[in-house]
Each structure stands twice: as structure tokens, then as C-alpha cells.
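> Shown below is the structure under consideration.
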Amino acid sequence: MTEVPLPPIAMLAELTHRCPLQCPYCSNPLDLLKADREMATECWLDLFQQAADMGVLQVHLSGGEPMLRRDLEQFVSALAHAGVYTNLITSGVGLAGARLEALAGAGLDHVQVSFQGANAETTARIGRHSGAHANKLAAARQARELGLALTINAPIHRHNIAQVPDYIELALSLGAQRLEIANIQYAGWALLNRRHLLPDRASIEHQAATVEEARARLVGVLEIDFVLADHFATYPKPCMGGWGRDAFVIAPDGAVLPCHAAATIPSLRFERFGSRPLADIWRDSPAFEAFRGTNWMLEPCRSCERREFDWGGCRCQALALAGDAAATDPACVRSPLHAAIATLVEEALSTSEGTGGDLIAPYAFRRIASA
Amino acid sequence: MTVDRPRAFVSRQSLPRLAPYVRLRFDPVRHAWAVLSPERVFWPDAIGLDILQRCDGKTPFSVMVMSLALEYDADGGEIDRDVGAFLQQWADRLLVRL
């Protein structure tokens, strides 16, 4: 690729890997960073200014739990002054009260609260935090009172897929604008726990029908964003809207990544913020150039009419399932490995000790230095 | 099920305004107006921008149609239909309040 890439629209800032929850499908890497590896306040502030200057319009403040950064209000304030739209992606634990009020005062636009279950029991068991559900409800209600946009994020897997109708009720009762029914992506921790988490096909089909009915019924009331699990898809998702195309990720230590799981691809080397200007890293860092555009593609992607629609799907999944990060994502029906995914689902269902109703499957819970 | 915020429909008396969490701003990098909203960025065309800039919560739909008809030297009935459809679509996306 010799073309100069367009400026990015969005940036996901993983401010920390620390988190009060231990969800067994966390999208953070298995190799979680401790607090002493996190970038200092002034580095983040410099990074946010550079991002705004190069054209980033939305910043997703995430983690881990971003609330654990005491300088979060400073970040929101700096981004708001630069005209950047801020999304707080949070567990909601410890958010309600003075903290959320301060964040709203600093210019926060949107809060996305994850609910591990649609009821307190499931939320407590999946996130391993007994008081989490009540905390989340309080944070969500306060967000609405403060006039912030509210999204309820529902990470879906075998043990809560039956709760999709309850999630819809929950989002309505909280006055949320958006509900994300997000079937978890099997990378990192979710890949490690895949056999305990993959739902069966009948549940997936039932879920799709439920969402379709609710969407039609709730036009103008609640927007439902539906992310299907790759394992049940016909075509892959355009991961990150295309590698190095619209968005990028910053890890807690300042590593500039094309996607949050990119570090699972061992052939890639990532630049750290501070080594040179962010715009230069975005433009020509080898990790961004590796899978940008379509020149890297092999067949059947290379001549596929969908190549500039799904951009080859997920590189990390291609590596995990096909053993080659440049291979066609096996989620695609045109991948020679697509059929193997169905086998994988069958295997997961037959070997897990946890059943649909049983929430105490022997997960590897997310913890620093436990993978 | 209780829905305390039913779907809103465009009427002559509607006072359209951007939802409090939606921001319309000029992007100097791309030299274009952008609508910033949860998880999404929209790039309205010239007519869409003219409509959105009139969504101030004070201008009734009927007045908005008249001023746009004058500005575009177009038939009022046609503008009425087009602007009504535009606002309904944006209200259904929860970006505009009616």
C-alpha cells in the first residue's frame, strides 16, 4: 500500500486492565498489564490532543474499568474541549453518585454500562461480584437523569442467551436509547473458555427471532444493535471497519494497535505512543500496513466481491482458527475451514461440564496473571 | 411492559431539536459537518444540514418547511413531505426529539 490512509474517526482507549469484574470472556488480552505499566496522565493527555488534531471524532474510554483511573475526569474534559465525542465503556461499579456527576460536568456524552446478566444473580456469577447489578442499575438511572446517552451492553453466551427478552425489558425500564445484544467474540479469554460459552444453534436462531420482533415493535423507542456470533455467521464481520481504516486501539501501556486483540498475532510489532507522532504511526507503522486495504489478501478474499465490504473479517480469528493471519477468516462460508466451525460448536457443546442453566461452569476467570 | 417514552411522530406543531447527547460540529480535518452520536458519526448532505441546523427546539415544523421552501425556491408540499420524512427517520434513530 502506497496510498495515504484517511484519518481515523474513532479511537478505543483501554486506559487500564484493572477491573472489579472477572468475566471469563473479557476482550482484554490474556497477558493483562498491571497498574505500573499504565501510561501517565500527561502522556494520555498528549495522546488525546494528537488524536483530535488528526481527525478522531469519537473516543471510547474503556479498560478494564476506566473508572479506576483517577484522572478520568481530566481526560473527558480535555477531549470535550477538543470537540471529541466521549463514550465511557464501564462495568458501572463505583460510577453512581459524585463520580458520574463530575464526569457529566466534565463533558461526557455517552455511557455504556455492561450487564453480565439481566438479573442480579447472573450478573454476580459471571462477573464474580455480588453487588455489581445494583451498582449498574444506579449508574444507568443516574446517567439518564443527567441527560447522558445510555447504552446497555449485553455480552451474550450460553449462560445468558435465554435472557435476551429480559435484557430488552431492562433497557426499556432504564430508559436507555440503545441496547447492544453482543454475542461474545471468541478471542482472548473467551477463546480460552470457549467450550463453556458457545451457545447451541437453536438458541442462536431463537435469539435472532426475538431481536427482530423487538426491533420492529420498538422503532423510535429503543435501538437494538445486534452482533451475531461469528461461529454462526455466513460472512465475517468487517472487524474494526477494516484494519487501519476507521479506528484503532491504545493499550494501557500506550501500544498503538489496529484492533484490541492484534497482539495475539506474533509476527506483528507495535509502536508505543511517544516514540513518534500518532499520525505517523497511523500512517505507516508496519503493524497497520500489514493488513490495510486489500493488497495483502490471498484467495478467495483477493477476488471476492465482498472484499471492500468485510475487509477479510478478523485477522486474529484467522490466525486462531486457520493458523495464518492472512488466511480467509473461517467465519466466512467461502473459507475451506468454514465447516470445521460447526464441528467446533458441536465439540464445545458435548465436552463442557456446564449446561445451559448451570452458571458455575469451570471457567478460567479473568484475573491479572491467571491465564 | 411499560414504555415511558413512546415513539414520536412529526406533526405541524412539532418543535424538533437535537437530542441532548447529539452534537453537530464542523470537522476542520475533513472540511465537513459531522453529527456525533452514541457509537456513530453521520455526514449530512447540504439539505440535511440545513434541516438539522433549524432543529433548535423553538422553530415549529411548519415554519421550518416555509423557510426551506423559500431558500430552495421549491414547492411547499414537496418540502413538507421530504423534511417530514427526514425528521421522522432521525427521530426514529433517537437523534432528534419532536
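The values are calculated or read from the model by the stated rules, or taken from the named source; none is laboratory data. For clarity, every value in this text was computed on a predicted model and none was experimentally measured. Virtual Cβ from ideal backbone geometry, glycine too; neighbours counted across all protein chains shown. For the accessible areas, the whole protein counts, side chains as well, though only heavy atoms, and no ligand, DNA or RNA atoms are used. Shrake-Rupley method; radii C 1.70, N 1.55, O 1.52, S 1.80 Å.
> Indicate, rounded to the nearest 5 percent, the antiparallel portion of the DSSP beta bridges found entirely in chain A.
Antiparallel: roughly 10 percent of the beta bridges in chain A.
> Test of the criteria: in chain B, which trypsin sites (Lys or Arg not before Pro) are in a DSSP loop and have at most 12 other Cβ atoms within 10 angstrom of their Cβ?
In loop regions of chain B (DSSP not H, G, I, E or B), the sparsely surrounded trypsin sites (Lys or Arg not before Pro) are B:12, B:58.
> While we're on this one: Tally Lys/Arg at +1 and Asp/Glu at -1 over every other residue whose Cβ is under 10 Å from the Cβ of residue A:35; what's the total?
Summing Lys/Arg as +1 and Asp/Glu as -1 gives +2.
> For region A:227-328, state the average projected area of the convex hull of the C-alpha atoms over all orientations, rounded to one decimal in nm².
6.6
> Taking the Cα centre of the protein assembly as shown as the origin, how large is its charge dipole in debye, to the nearest 20, when only Lys and Arg (+1) and Asp and Glu (-1) carry charge on their Cβ atoms?
Charge dipole, the protein assembly as shown, about its Cα centre: 800 debye, nearest 20.
> Only four residue types carry charge here, +1 at the Cβ of Lys and Arg and -1 at the Cβ of Asp and Glu. Report the dipole size of chain B about the Cα centre in Debye, rounded to the nearest 20.
Charge dipole of chain B: 540 debye, to the nearest 20.
> Given the options A:35, A:84, A:111, identify the residue whose Cα lies farthest towards the positive end of the charge dipole of region A:31-116 (+1 on Cβ of Lys, Arg; -1 on Cβ of Asp, Glu).
About the Cα centre, the residue reaching furthest to the positive side is A:111.
> Related question: Running Debye on the protein assembly as shown with equal point scatterers at the Cα sites and no solvent, what base-10 log of I(q)/I(0) appears at q = 0.12, 0.13, 0.14 Å⁻¹?
-1.14, -1.34, -1.52
> GNM, chain A, Cα, under 10 Å: largest mean-square fluctuation among A:176, A:143, A:202?
A:202
> For every helix of n ≥ 4 consecutive DSSP H residues, a contribution of -39,500 (n - 2.57) applies; sum these over the protein assembly as shown, divide by its total residues, and give [θ] at 222 nm rounded to the nearest 500 deg cm²/dmol.
Estimated from H runs of four or more residues: -10000 deg cm²/dmol.
> How many angstrom lie between the Cα centre of region A:71-102 and the Cα centre of region B:74-98?
Using only Cα atoms to place each centre, the spacing works out to 33 Å.
> With a 1.4 Å probe, what is the total accessible area buried between chains B and A, in Å² rounded to the nearest 100?
2500
> When the accessible area of chain A is computed with all protein chains present and a 1.4 Å probe, what percentage of it is carbon and sulfur?
Roughly 54 percent, rounded to a whole number.
> What relative contact order, as a whole-number percentage, does chain B give when Cα pairs under 8 Å and 6 or more residues apart are counted?
Relative contact order comes out at 39 percent.
> Within a Cβ distance under 10 Å of residue A:128, other residues only, what is the Lys/Arg minus Asp/Glu net charge?
Residues close to residue A:128 contribute a combined charge of +3.
> Here is a further query. Over its Cα atoms, what ratio of radius of gyration to 2.2 N^0.38 Å does chain B give?
1.11
> Here's something else I'd like to know. Using a Gaussian network for chain A with springs between C-alpha atoms less than 10 Å apart, which of these wobbles most: A:312, A:293, A:147?
A:147
> Just want to confirm a number: the relative contact order over region A:205-360, from Cα pairs under 8 angstrom separated by 6+ residues, in percent.
The normalised contact order for region A:205-360 reaches 22 percent.
> What's the longest piece of chain A with no exposed GluC sites (Glu not before Pro), counting a site as exposed if DSSP puts it in a loop and it has at most 13 other beta carbons within 10 Å?
A:4-304
> Of A:103, A:88, A:218, which is the most mobile in a GNM of chain A whose springs link Cα atoms less than 10 angstrom apart?
Result: A:218 has the largest fluctuation of those listed.
> Tell me, what is a quarter of the convex hull surface for the C-alpha atoms of region A:53-183, in nm² with one decimal?
That works out to 7.9 nm², a quarter of the Cα hull's surface.
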